[in-house]
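Worksheet: one structure, shown below.
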Amino acid sequence: MEPTSARPIVSGAVSRRRLLGGVAGLGILGASGAGLTSCAHATDNASTAQQTVPFYGSHQAGITTDVQDRLAFAAFDVTATRREDLADMLKTWTAAAEAMSRGVMVPGDSHAGAVPPADTGEAVGLSPARLTVTVGFGPTLFDERFGLAPRRPATFTALPALPGETLDPASCGGDIAIQACADDPQVAFHAVRNLARLGRGAVVTRWTQLGFGRTSVTGTTQETPRNLMGFKDGTRNIRSDDPAALAKHVWVGAEAGQEWMRGGSYLVARRIRMFIETWDRDVLSDQEAVFGRAKYAGAPLTGKAEFDAPDFAGRTTDGELAIPDNAHIRLAAFEANDGVRILRRGYSFTDGIDARTGTLDAGLFFISFQKDPAQFVTLQRKLGKHDALNEYIRHVGSALFACPQGVANASGYWGRALFEG
Amino acid sequence: MLPRVVIGFRGGAVLLVSTVVLVAGCSGPAQPAPPATEVKISLSDSGCEPKPASVPAGPVTFSITNSGSRFVTEVELLRENRILGEKESLMPGMSGSFSLRLDDGGTYLIHCAGGATNSWPFTVTGGSSQPGTAPGNASLLAATQGYHDYVVAEVDQFVPATKQFTDAVRAGDMDKAKQMFPLARLHYEGIEPVAESFGDLDPSIDARIDDVDNPADWTGFHRIEKAMWQDKTLAGMGPVADKLDADVITLKAKVAGETYQTAQLANGAVELLNEVSTKKVTGEEDRYSHTDLWDFAANVDGARKCFELLKPALAAKDPDLAQRLEARFTDVADKLSKYRQGDGYVDYSTVPEDQRRELADAVNALAEPLSRVAGLVV
């Protein structure tokens, strides 16, 4: 084991006292010479292993991975003008993301006194926190700049204008996106910050979003979390132990005609503002009618327990539909959408107040993965027009990214098949 | 003025006088290093014998293993009582390494507290026997001398330009004073990290109102800037002008005898760009006159001067980085040139947010790789 460059969560950590002050007076290079090592490798410590999600694989991590508690998301515009420079940045990003996923500092020298540390340092001493870093390419990357137009899958075009949205350009689009998820917010932030730094000169940050609480579930043992409206969200989500559903709805197969996307997925991000103050003034029975579920148990209004299948034909003793015709779960259900499903992976956010109204700028940073962006479009066309929830929400940010297949091993990098294939 | 939190131009940097150069030990974005000689050290109760005990000058990697000693858990490489590299907290069974570049021939010491024999001689053969004459040092000496000359030349122009400005202020000639304000400052903004190293001199010349505890004590360019553009009167500015003249003369005397280290050039260049991206791009620096782009250009010119002086040494170590920096300096200059007007620059308040962002992005794209230069030329 190599203790010095790994975050010192185990014994044998570099001593900060010694590193920073203990050799004062002996010459500054004495201090900077401390802890110069090659990169550490992940420790075999069992608790660390449980905190580590494998980076390499046929699919990128962070899609079916049990949803972590925190999100840091960033969209970038590419300023590099040469395709090789962009590919070089992605190689650097891949190596850094792989290291951070193991809880190891960004490759490079972080101990020499004469240079800025390669790693920014705020994750030192923290566990890997199940960090996953997922990359996606925006439709704009496939314009004339890098000669990638022939590699654009036919289904991959910018999202059309959709009902229920009033988009702020400051939260839309981007050439490349990074989704960092972890159980520790600082670990997630650290990943995005360091990739942004490593990308400087090749990309500029277009917008970012932090998410403080997961609102969805992909794991088989995870509790269903609640969104900011107080309702359980993601009860009927696609789970990681359902390979048939994943193959049918999430993973791109050969049909895309683009090898680099085989095993990949399309990421839709929507910044959905919730009008929390007005929602909080709505009576409980109406809140439940809006969703079609009981607020606390999470059961459909036709059932008793959370995982009871909704009975969309069920009626009350008065003869009314028990789950109203504009209830959220009815309109979003695959039964009402020709079987269309998506894998949701959203997070609650709050970004201070709306200065114009004094109300909280908070809501859901919706993320979904699907094998075709049309799946999301189909659902949002219906929800945006008819969903009872629309009185309390507005889509204000939007982006679509093609997340390529996973990186198989250390000789690969994100998008290699796109740039070299 | 520069923020006080910036690592002082004098502090820290002057200590980096050594021909020991650190070698990045990781793959990824780090520089490809020449193959290093490996020295194995096994920690035991008897000590820490290096094998081999003599290596040729150049990159060296010390690979250390604790073969089972509970008493000897760390090792240091020393020369003349200075620790050049070390590895600590190696518990029994653990191993680790450190790498550095040993260009100076001569005798070093491997030291491990707690060993029966705790000091072991270690020899570097070839290379230079004294710091200061190692290969490449000639160009570094030229760089530091060149920087001294540049600073002196800038201050030589700064003094009379400031005098023209202060004469106009004392004469109550508002138009002339306004015209000279950005012109005089050009010769200051390029060498600001040097001025900043002289204690209170920089605050006295260049403080903004946010930097002073008591506005009554506020002196320097920005005090007069406020009088001209906001208060629209030069009344009472005579003593401020006199003080400015005196400060500038003091600066001239101080820079005449100043010497520099290469790390100061490299770090000073980064400081100048940091100054641009935090103060100039936001329009904070010249908030009354909106002449920020003049200062912006002078800061970048000062950084570029540092880079050009270091470029021969840098190109020998990392030609790709030198080339990239050259291209990015050019990119910043091109973007800035869009705002040229007459002998100077447009009013910064007319530059919209999205165009300011474009300038900021270009500066940040330059500053990040520039920050790696110090590690390569020291």
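Residue-wise test of (1) among the acidic types (Asp, Glu); (2) crowded, with 16+ Cβ neighbours inside 10 Å; (3) in contact with a Leu (Cβ under 8 Å, 6 or more places away or on another chain); (4) farther than 17 Å from B:Ala143 by Cα.
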{"site": "B:Glu284", "(1), (2), (3), (4)": "yes, no, no, yes"}
{"site": "B:Ser349", "(1), (2), (3), (4)": "no, no, no, yes"}
{"site": "B:Arg356", "(1), (2), (3), (4)": "no, yes, no, yes"}
{"site": "B:Val363", "(1), (2), (3), (4)": "no, yes, yes, yes"}
{"site": "B:Glu368", "(1), (2), (3), (4)": "yes, yes, no, yes"}
{"site": "B:Val373", "(1), (2), (3), (4)": "no, yes, yes, no"}
{"site": "B:Leu376", "(1), (2), (3), (4)": "no, yes, yes, no"}
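Check off (1) under 30 Å from A:Ala87 (Cβ atoms); (2) surrounded by fewer than 21 Cβ atoms within 10 Å (Cβ to Cβ); (3) in contact with a Leu (Cβ under 9 Å, 6 or more places away or on another chain) for A:Ala408 and give me the number that stays unchecked.
(3)
Scan B:Leu310, B:Leu321, B:Leu325 and give me the residue that is among the aliphatic types (A, V, I, L, M), farther than 22 Å from B:Leu186 by Cα, surrounded by fewer than 19 Cβ atoms within 10 Å (Cβ to Cβ) and within 14 Å of another protein chain (Cβ to nearest Cβ). Please lay out each step first, then the result.
On the way: B:Leu310 fails: surrounded by fewer than 19 Cβ atoms within 10 Å (Cβ to Cβ); B:Leu325 fails: surrounded by fewer than 19 Cβ atoms within 10 Å (Cβ to Cβ).
Exactly one residue qualifies, and that residue is B:Leu321.
Report the residue count in segment A:312-336 for those that are under 22 Å from A:Ile238 (Cβ atoms) and in contact with a strand residue (DSSP E or B) (Cβ under 7 Å, 6 or more places away or on another chain). Talk me through it step by step, then tell me what you get.
First, pick out the residues of segment A:312-336 that are under 22 Å from A:Ile238 (Cβ atoms): A:312, A:323, A:327-336.
Now restrict to residues that are in contact with a strand residue (DSSP E or B) (Cβ under 7 Å, 6 or more places away or on another chain): A:323, A:329.
Total satisfying the criteria: 2.
Taking segment B:59-79, which residues are out of contact with any Ser or Thr (no Cβ under 6 Å at 6 or more places or on another chain), assigned to a loop (DSSP other than H, G, I, E, B) and not β-branched (Val, Ile, Thr)?
B:Gly68, B:Arg70, B:Phe71, B:Glu74, listed by residue number.
Could you count how many residues in segment B:96-123 are buried (at least 18 other Cβ atoms within 10 Å of the Cβ) and among the small types (Gly, Ala, Ser)?
4
If you take the residues of segment A:182-202 that are in contact with a helix residue (DSSP H, G or I) (Cβ under 6 Å, 6 or more places away or on another chain) and more than 14 Å from chain B (Cβ to nearest Cβ), which of them is surrounded by the most Cβ atoms within 10 Å (Cβ to Cβ)?
Ranking the qualifying residues of segment A:182-202, first place goes to A:Ala182.
When you scan segment B:323-350, how many residues do you find that are in contact with a Pro (Cβ under 9 Å, 6 or more places away or on another chain) and among the aliphatic types (A, V, I, L, M)? Quick ask: steps written out before the conclusion?
In the first step, residues of segment B:323-350 are kept if they are in contact with a Pro (Cβ under 9 Å, 6 or more places away or on another chain); the result is B:324-325, B:328, B:344-345.
Among the residues that remain, those that are also among the aliphatic types (A, V, I, L, M) are: B:325.
The number of residues fulfilling the criteria is 1.
Check segment B:332-345 and report whether any residue there is in a helix (DSSP H, G or I), within 17 Å of B:Ser277 (Cα to Cα), among the aliphatic types (A, V, I, L, M) and within 13 Å of chain A (Cβ to nearest Cβ).
Yes: one or more hits.
Here is a list: A:Val67, A:Val78, A:Val135. Which entry is under 22 Å from the mean Cα position of the chain (by Cα), within 14 Å of chain B (Cβ to nearest Cβ) and in contact (Cβ under 8 Å) with a residue 12 or more places away in the chain?
A:Val78
Scan segment B:30-58 for residues that are more than 11 Å from every other protein chain (Cβ to nearest Cβ) and either modelled with pLDDT under 85 or in a strand (DSSP E or B) (or both) and report the count.
18
List pairs: first in segment B:286-301 and more than 17 Å from B:Leu366 (Cα to Cα), second buried (at least 24 other Cβ atoms within 10 Å of the Cβ) and of a type in the set (Lys, Arg), Cβ under 8 Å, 6+ apart or cross-chain?
Cβ pairs passing all conditions: B:Thr291/B:Arg185; B:Asp292/B:Lys280; B:Leu293/B:Lys280; B:Trp294/B:Arg185; B:Asp295/B:Arg185; B:Asp295/B:Lys280.
So A:Gln209 ticks every box in (1) in a strand (DSSP E or B); (2) surrounded by fewer than 16 Cβ atoms within 10 Å (Cβ to Cβ) but one. Which box is left unticked?
Every listed condition holds for A:Gln209 apart from (2).
For residues that are surrounded by 24 or more Cβ atoms within 10 Å (Cβ to Cβ) and at the interface with chain B (Cβ under 7 Å from one of its Cβ atoms), tally how many sit in segment A:95-117.
Adding up the residues that qualify gives 6.
Name the single residue that is surrounded by the fewest Cβ atoms within 10 Å (Cβ to Cβ) among those in segment A:128-157 being touching a Pro at 6+ places or on another chain (Cβ under 8 Å) and part of a loop (DSSP other than H, G, I, E, B).
Selected residue: A:Thr157.
Tell me which helices (runs of 4 or more DSSP H) are completely within segment B:130-219 and hold 3 or more residues being touching a Phe, Trp or Tyr at 6+ places or on another chain (Cβ under 6 Å), or say none if there are none.
Where helices (runs of 4 or more DSSP H) fall fully within segment B:130-219 and carry at least 3 residues being touching a Phe, Trp or Tyr at 6+ places or on another chain (Cβ under 6 Å), they are B:137-171, B:174-189.
If you take the residues of segment A:78-94 that are hydroxyl-bearing (Ser, Thr, Tyr) and either more than 21 Å from B:Ala362 (Cβ to Cβ) or touching an Asp or Glu at 6+ places or on another chain (Cβ under 8 Å) (or both), which of them is surrounded by the most Cβ atoms within 10 Å (Cβ to Cβ)?
Checking each candidate, the answer is A:Thr94.
Sort out which residues of segment B:60-78 are in contact (Cβ under 8 Å) with a residue 40 or more places away in the chain and either crowded, with 19+ Cβ neighbours inside 10 Å or outside the structural domain of B:Cys48 (by TED's automatic domain parsing) (or both), and write them in order of number.
B:Val60, B:Ser69, B:Val72, B:Thr73, B:Leu77
Can you name the residue in segment B:229-266 that is touching a Leu at 6+ places or on another chain (Cβ under 7 Å) and away from chain A (no Cβ under 14 Å) and is also surrounded by the most Cβ atoms within 10 Å (Cβ to Cβ) among such residues?
Among those that are touching a Leu at 6+ places or on another chain (Cβ under 7 Å) and away from chain A (no Cβ under 14 Å), it is B:Leu251.
The values are calculated or read from the model by the stated rules, or taken from the named source; none is laboratory data. As the structure is a prediction and not an experimental result, all values here were calculated from the model. A quick note on method: Cβ atoms are made from the backbone with ideal geometry, for glycine too, and the neighbour counts reach across all protein chains shown.
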